[in-house]
Structure formats: structure tokens, C-alpha cells
1. Please compare each pair in Lys361/Lys420; Lys368/Lys420; Lys224/Lys261; Lys178/Lys267 to a cut-off of 29 Å on the Cα-Cα distance and tell me which ones are over it.
2. Which percent of Cα-Cα pairs in the stretch 374-434 sits in each 5 Å bin, short to long?
3. Could you state the number of Å between the C-alpha centres of the stretch 201-257 and the stretch 61-127?
4. Place a +1 charge on the Cβ of each Lys and Arg in the chain and a -1 charge on the Cβ of each Asp and Glu, then give the dipole magnitude about the Cα centre in debye, rounded to the nearest 20.
5. Ranking request for peptides 104-116, 295-307: highest mean number of other beta-carbon atoms within 10 Å first, then the rest in descending order.
6. Highest mean first, what order results for 245-251, 398-404, 14-20 on Cβ atoms within 10 Å?
7. Name the residue farthest towards the positive end of the dipole of the stretch 372-484 from the options Ala453, Cys414, Pro373, assuming +1 on Cβ of Lys and Arg, -1 on Cβ of Asp and Glu, about the Cα centre.
8. For the stretch 1-88, what does the equivalent ellipsoid look like in terms of its semi-axes, each the square root of 5 times an eigenvalue of the Cα gyration tensor, given largest first in whole Å?
Amino acid sequence: MDVKVISRNVGYALLVNALFMFFSILVSMANGNDSALAALIISFTITFASGIFPFIFVRKASVISIKDGYVIIILSWLLSFIFGMLPYALWGGPFSIINAWFESVSGFTTTGATILSNVESLPNSLLFWRSSTHFIGGLGVVVFLLLIIPNTSQMRLKLTNLELSSLSKQEYKSRTNKTVFIFTYVYLGLLVAAFLCYMLAGMSPFDAINHSMSVVATGGFSTKNYSIGSYSSLPITIVSMVFMLLASVHFGLIYIAVVTKSFKPFKNEVFKFYLSGILAGTILVAVTLKAEGLVQGWGNSFLIGSFHILSYASTTGFAIADNSSWPMLPSYLLIFFGIRCGMAGSTTGGIKADRALLFYKEISYHIKNVLHPHSVHEVRLNGRVLTQKMLAPHILYMDLFFVVMLLSLILCLCFGVDNKNALIGTISCLSNVGPSVAELGTFGNYGLESVGAKLMYTLDMFLGRVEMYPIFAVFTMIFGRREK
């Protein structure tokens, strides 16, 4: 591994964090030097000094290997978590070291789980920093790095291939080297549009920018204790639903639709599969809530049902109602959609709707082979024939996802977490949903969980955000060297 290459590129990631800490300092000053000003200044100074250090003392190196790329990705995330927890830890209040770590990891991985029982007690500058971690994490700390690297550099091409999964790149009608720009254009475009729509819907400018950063990153951090439900506003609810849906769709489809001024890209097979699932889930939840007498009126039932199914499917985690007392069926549906989630090429977590569709097609393929062994069968996606070799990595990822989920569940039980919370907490954190059901539901929090459980949950968040393979690759390199 080349320490020069790694240190300089990880330095970029720290400088991005320092930039948003500086913005948070400006927010503090605009609010009369609120109580987080000192914590943010100290955090900014430490982060900026650490980020600029490699550029002063380490010579520039332009060659990058695959191993260097994986280490850059993992270190960029881990150091963002560590430096990102400084404002919380230095401010104090409910933020012990473990709680500050949990909030930081949850923010950067766009999980949106929180240890806070009273979000509104935080100063505005710290609320802005929480939302900023969503913004940085949604776009990706490595994507910020890729935007700085020159177009012609082979380093960008290699890091792009490592940071973006093959699933997400399939719908970009562009060279791999430009994929990162397309993703960024759509991301920033959605951010600006969400901000303007929230303002028109009646939010204050401060709340609008915070919720925009949260919804576009499909994160879920809010400036209010009761999330979107605090506003009791139909326009704000509708705006949130629209942008939760858009942020969970493949950004390549949105880009092509805008450029060609056509809805033809949304004939995509995965998009139709994703949307039809949301519609089916909405009907089931709405009917159940109305039948159980938990919601008054069919209109309200469908609004609450569609909002929460979309919130969990997009892994945003916004809420307009308390789901802690919901019956079994809607609760299980939320968990199901939290695992399946949105499309690859978006900011969502989970196994992705793409892989779920491929899984169903693979089952159908093998059933047909059993029933008609002498016939020729194919697995097709959007008219493209997929070989078993092409399908294998995605089916394997799903297997790996559930194996990790099982191991995490067992470890959480060892840390003293009760059976229900261990299961739903593991699923929500590994899928980057954040809120779950029951005690960890929409208006609940993870503050009372044990230290061991919080550490396990944050590991799940990290594994879910980077889709596991980069982390396992780095561990293989480390332990492989030791064996030699």
C-alpha cells in the first residue's frame, strides 16, 4: 500500500468535513453565538489541521492500486465518523463518547437513527451539523474526492469503479469516468428543488435546508422531535413524499429523463417493480390501520400508510405518525420494505429493489428449468439477457446481507438487548433505515441501548452503507499480510 496516495486522498475527505463545520460555525454566529460555537471552532481547527497535514508534508503521488483504493474508501468513512463526532462530544449534554459516535455514524451513513429524546434542545448550529453529515454521507465522502481529481486521472476511474456498485452503473448512459458528475448533478438538483418546495410549503429557511439535506440523502434527521408530523401540514407532507420517492430512484433515470425531456426512462422494469411494491404496501397498511380503528377516515389512512411505506422503502425514516402501537401486519410490512429498499444508483440502503427483482427472476428461471428441462430459458432485465455468472454476485450479496444480519442479531443478544429490539434494531441499522417499529419506532430512539449494542448497530450502519465488500476486502488484506 502507498501511504502517500492514501494520506493525501483521505485528507480531502477531512477537508470536506472541515468545510461543513465552518458553515455550522457561521450558523452559530448568525444565531447569536449559540452554545455550540466553541465546540464547532475546536472541531473545525482539529479537522482542518488533520486534513491539510498530508498536503504540506507528503509528496504528491498519482498512481493508485486497487488495494489503495479500498483503503482510501474505508479510511475516508472511518475518519469522517471520528472527526464528525467531535462537535457532539465537545458540546456535551446527552452526548457521551459512545452517543456522539452513534450520532456521527448514523448521520454519515444516512441511517437517521438517533440517541436523542429531545432533538429540539440542540442549538441550531449543531442541528445544522447533524443535517450536514447526511448531506456529506448521501453524496459520499469519496464522491467529494472524485470531484476534485482531474478528468484524465486514472485514479478517478479506479475509485469510481470501487465506490459505485455494478448495479448502480448499469443505467448511466455515459462513460464510467463521468458517472460521478451525473450523480452529483442530480443530487444537488434535488437538494435545491426540495429546499424551494419546502419553503413554498411553509417551512422556515432553516428547517427547509435541514430537511432538504436529510430527504435527498434519504437520511431522516429532522429539526423537530416529531419529524414531519410536527408541522401538521399536508403540503409539507406531500413535498416530503415526492422527494423521498425521487431520492430513492436511480439517479441515472432522473438524469436521462431531464436531459431527454421524456418519461420514457421510467418504463424501466426495476422502477415499475419498486413502485408497484410501494402501492401494494400502501393499500395493505392503510386498510389495516382503518380496520383496527387506529386512524380516522380513509383519506388519512392512505396518507399515513403511503407516507410510512415510502419512508421505509426509501430508508429516509421521516414520520407523521407514531407506529409503536401498530398491529403486526403493517409493522412487518415496514420492516420488509426497509430491507428491500429503493433502487441501486440512489442514496437508499438495504439490498436494493434491483437485487430483489433479480432474485424473483432467478427463482422463476430455476422453476421453469425443473418443469421444462429441455426448453431454453433466459433471465432478462430491461430486455437485456443476464447470464448466471452476471447474476451470481448479486444473489451472493443478498446471502451475505442475511448472514451478517444473523451474526449481528446474535451479538446484540449477547450484549443484553431483548429479542425484539435486537432483531428490529439490527435490520433497521444494516438497511440504513434508522427508525424501526415498537420501542424503536418512528418517535423512539436508541439512547437506552447498551454500549455494546450501540457499537454493533454502528458497525451494521457502516456495513450497509458501503455494501460490505470494501470492508471485507480491507480486512482480508490486513489478515492476509499477517498470515504471510
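The values are calculated or read from the model by the stated rules, or taken from the named source; none is laboratory data. Keep in mind that what you see is a predicted model, and the values were worked out from it rather than measured. Note that we place each Cβ from the backbone using ideal geometry, even for glycine, and neighbour counts take in every protein chain shown. Heavy atoms of the whole protein, side chains included, go into the accessibility calculation; ligands, DNA and RNA do not. Shrake-Rupley method; radii C 1.70, N 1.55, O 1.52, S 1.80 Å.
1. Those over the limit are Lys361/Lys420; Lys368/Lys420; Lys224/Lys261.
2. Pairs per bin, as whole percents: 4, 16, 17, 15, 10, 10, 10, 7, 7, 3, 1.
3. 21
4. Here the size comes out at about 1740 debye.
5. Numbers: 104-116: 28.5, 295-307: 17.5.
Top to bottom by mean Cβ count within 10 Å: 104-116, 295-307.
6. Packing order, densest peptide first, comes out as 245-251, 14-20, 398-404.
7. Positive-most Cα among the choices belongs to Pro373.
8. Numbers: eigenvalues 174, 29, 15 Å².
Computed over the stretch 1-88, the values are 30, 12, 9 Å.
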